[in-house]
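Report on one structure; see the data block that follows.
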Amino acid sequence: MRFARDMVGMTLTLIVAISGSSAQPNATVAVSMRLSFPKAATRHSAPSAVLWLKPLQDTSPAPFLPEHRYSLVQKNRMFKPHLLIIPVGSVVQFPNADPFFHNVFSLFDGKRFDLGLYEAGSTKSVTFSREGVSYIFCNIHPEMSAVILTLPTVLYAEANLGGAFRLANVPAGDYDLHIWIEGVAQPDLNRMTRRVHVEPGSGDLGSVPVPAALLKPPTHTNMFGQSYDRDVKPTY
């Protein structure tokens, strides 16, 4: 009971709504959802989060093809943007806009790579050929981090500062609902995945608790699996 009192509406509610009194062929649905966290976990704003719906067998998938130039810029020892969502098969440029070297790498499941040292004003690129979450770091500057989420579906939405999602024009059908929340370990995120049925009308498709114990400050090692020596000033 004490744990329950510490949570603020620890629910994630999926509300499906469609205008009109009768269902139409190929009707689309507006989906809204909200994450609720313990007060202590969201003093200022909810952590970054993304929801996506992956169509199942008989549900027609909406095309999600690389149509833009995607870029993760290194500037002022930061990656911009911090979160980048792209379709499978996209090429992402990693331009170095700082006046010193960077060494961008990722050793996670979405895409494993090491771009090596490269100087100011130059750029390198990576093709993200399969879906997954890629956590991006610099082997020189430990304060630099970003996330690239490679998705097979256009049906996704980012949470706002209050942890709320809105996803328009969802075709009726069956989906696997996936969630990514920054600071939550991948095994815990996998357990939040569920199968949902979206249909005209309105309905509550359940709840997903996000206990404070799952939210941990992001930490990482360098590309060799070792801790950064934060007392040593980078040479580059």
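Between Leu117 and Ala97, the simple label model (points 7 Å from Cα in the Cβ direction) yields a spacing of 2.5 nm. Ordering Arg195, Arg166 from the fewest to the most neighbouring beta carbons within 10 Å gives Arg195, Arg166. The label point for Ala30 and the one for Ser125, both projected 7 Å from the Cα toward the Cβ, are 3.9 nm apart.
Each label point was placed 7 Å from the Cα along the Cα-to-Cβ direction; for Met78 and Thr219 their separation is 2.5 nm.
Here, each number is a calculation from the coordinates, and none is a lab measurement. Please read these numbers as outputs of a predicted model, since none were measured by experiment. Positions of Cβ are backbone-derived with ideal geometry, glycine not excepted, and every protein chain shown enters the neighbour counts.
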